[in-house]
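Nothing in this text is a laboratory measurement; each read-out follows from the coordinates by a stated rule. No experiment lies behind these values; they were computed from the predicted model shown. Cβ atoms come from the backbone with ideal geometry, glycine included; neighbour counts cover every protein chain shown.
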Amino acid sequence: MQDALMAYFNGEKHAGLLLAGVSVAVLIAATLLFRARLDPRSFAITLGVLALAQMALGVGLYLRTGPQVSRLVEQLHSDATGFHAAEGARMARVQGNFVVVEYVELLIIIVTAITAVTQKTRPDLTGVALGLLVSASLLLAFDLIAERRGAEYLAAIAR
């Protein structure tokens, strides 16, 4: 069980670093776009603001994972039954939340894509829509992979 726990949380920790790293790259791209010309400025600002939020999310995930793993390993060794009950319930909630979040991200992707295509004459609105589209797409990919990793971990808990 400890191997499954470590595999899941190592994946979470690396995903946090990856999200933070990709967010830095997006922030750099947003800065370059902002300086390029006026039309893409709303796109650049939206990308930049969301990249900062995603960077905080990634760094937060990375920083909280180590202490969380330590507590869970300690609980696994001291109270395996309690660990399985509590962690199984927590992960079932996490997995359910992933489904909801993924559908929200998908809805954002659809609405912003439609907005970007139908509102081409409104560059500020189109820029915001495109920034949200890029951000939601990145988060959807991140969450789909995390959900798959979580399903493997939940299955290990259930065994």
statement: In degrees, nearest 10, the alpha-carbon axis of helix 41-78 is tilted away from the dominant principal axis of the alpha carbons of the chain by 0 degrees
field: Dimensions in Å of the stretch 2-44 - Rg and Dmax from alpha carbons
entry: 16.7, 53
query: Tally Lys and Arg at +1 and Asp and Glu at -1 over the other residues with C-beta under 10 Å from the C-beta of Leu140: what net charge comes out?
result: -3
- prompt: Of Ala44, Ala20, Ala141, which has the largest mean-square fluctuation in a 10 Å C-alpha GNM of the chain?
  reply: Ala141
field: Tilt relative to the chain, helix 2-36 - C-alpha long axis, 0 to 90 degrees, to 10
entry: 10 degrees
- request: Arrange His84, His14 by Cβ neighbour counts within 10 Å, fewest through most, would you?
  value: His14, His84
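To one decimal place, what Kirkwood hydrodynamic radius in Å is obtained for the chain from all pairs of distinct Cα atoms?
For the chain, the Kirkwood estimate is 17.3 Å.
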query: Summing +1 for each Lys or Arg and -1 for each Asp or Glu, what net charge is found among the other residues whose Cβ lies under 14 Å from the Cβ of Val59?
result: +1
